[in-house]
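A short write-up of the structure that comes next.
Values in this text are rule-based calculations from the coordinates and carry no lab data. Since the model is a prediction, treat every value here as computed from it, not as a measurement. Glycine gets a Cβ as well: all are built from the backbone with ideal geometry, and neighbour counts include every protein chain shown.
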Amino acid sequence: MKKTIFILMTALMGTAVFAQGNSAPSEKYVKAMEALVPAVDTTRSMDGLTDLANSFERIANAEKTQWLPFYYAALCHIHKANMYYSTQEVDKIDPLMDIAEPLLKKAEELEKDNSEIFCLKKMFNTGKMMADPMSRFMVYGAAASVALEEAKKLDPNNPRVYLLEGQDKYYTPEQFGGSKEEGKQLFQEAAKKMETFKPASSIHPSWGASQIKYFLSLE
């Protein structure tokens, strides 16, 4: 807990001194992001995700030409929505998606044709669908599939593509094309890709290792 507070305070201090309107990332921006990015893969509480999202949004508001803080802020809200789905509090999903959507759109405006953003679009559409699967599958389910296909096309070596694909296969009933065995194979592929994956920088997306480990542990 103390470590999380220190990380968040470091980011807050950094946002006060960022240069505005500079397309090149400043050293202070990078350091503040480096303090936060590892927490994306380890934060497991609602409050922690809220604090993390807020910290990324503060950086995004200071560094309006950088796509990564918008991406991470949206990702935190989507992770939180997934937690609400797991606790069957589905009425809380849409309000979070309403917050995540403009952040995701801004990230995509700043960074075109990026596999990571299409992975996030896949997660967003899946979240919207799961808030009301019966009535939303045709729209959001299809959009999620298209986004994942594009993510794979843009970067076939992105381990998050196979993690998300594996989740779909693992949790979809067999009568609708799902398969736990195929899901496990995709998680194994994600693990292999993760071993060799090299993010573009210290603050680019590299999350997913803990999720892959969890899914590989399932029977």
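Brief remarks on what is shown
- Two-site label geometry, K31 and D98: point separation in nm, points 7 Å out along Cα→Cβ: 3.9 nm
- Pair K192, S86: separation of 7 Å Cα→Cβ label points (nm): 2.7 nm
- When only Cα pairs below 8 angstrom with a gap of at least 6 residues are kept, the stretch 77-191 shows a relative contact order of 20 percent.
- Exposure proxy ranking for V161, V146, based on other Cβ atoms within 10 angstrom of each Cβ and starting from the fewest, stands as V146, V161.
- Considering only T196, T65, T50, the mean-square fluctuation computed in a Gaussian network model of the chain, springs between alpha carbons under 10 angstrom, is largest for T196.
- GNM result for the chain, Cα springs below 10 Å: residue of M123, M46, M134 fluctuating most strongly: M134
- Couplings for the stretch 101-116, taken from phi via the Karplus curve 6.51 cos²θ - 1.76 cosθ + 1.60 with θ = phi - 60°, read 4, x, 5, 5, 4, 5, 4, 6, 4, 7, 9, 7, 6, 10, 4, 5 Hz in order; Gly and Pro are left as x.
- The modelled label-to-label distance between F176 and M134, using points 7 Å beyond Cα along the C-beta direction, is 1.3 nm.
- Sequentially through the stretch 33-50, phi angles give Karplus couplings (6.51, -1.76, 1.60; θ = phi - 60°) of 5, 4, 6, 9, 3, x, 5, 4, 8, 10, 6, 10, 10, 4, 5, x, 5, 5 Hz, Gly and Pro residues having no value and appearing as x.
- One Cα centroid belongs to the stretch 202-217, the other to the stretch 72-103; the line between them spans 19 Å.
- Max-minus-min Cα coordinates of the chain on each principal axis give 55, 39, 35 Å, with the largest extent listed first.
- Pairs of Cα atoms farther than 20 Å apart, the stretch 27-84, %: 18 percent
- Sorted largest first, the spans of the alpha carbon positions of the stretch 56-145 along the three principal axes are 39, 24, 15 Å.
- Residues in the stretch 178-219 reached by a label modelled at N157 [backbone nitrogen below 17 Å; 7 Å Cα→Cβ]: 189-202, 204-207
- Of the cross-linked pairs K105/K128; K64/K192; K31/K184; K31/K213; K121/K184, those separated by over 26 Å at the C-alpha level are K64/K192; K31/K184; K31/K213.
- Relative contact order, whole percent, for the chain stands at 15, derived from Cα pairs under 8 Å and 6 or more residues apart.
- Candidates F137, F176, F70, ranked by Gaussian network fluctuation over the chain, Cα under 10 Å, top entry: F176
- Table column - 3J(HN,Hα) (Hz), the stretch 160-171, Karplus curve with 6.51, -1.76, 1.60, x for Gly and Pro: 5, 4, 6, 4, 5, 5, x, 4, 4, 5, 5, 9
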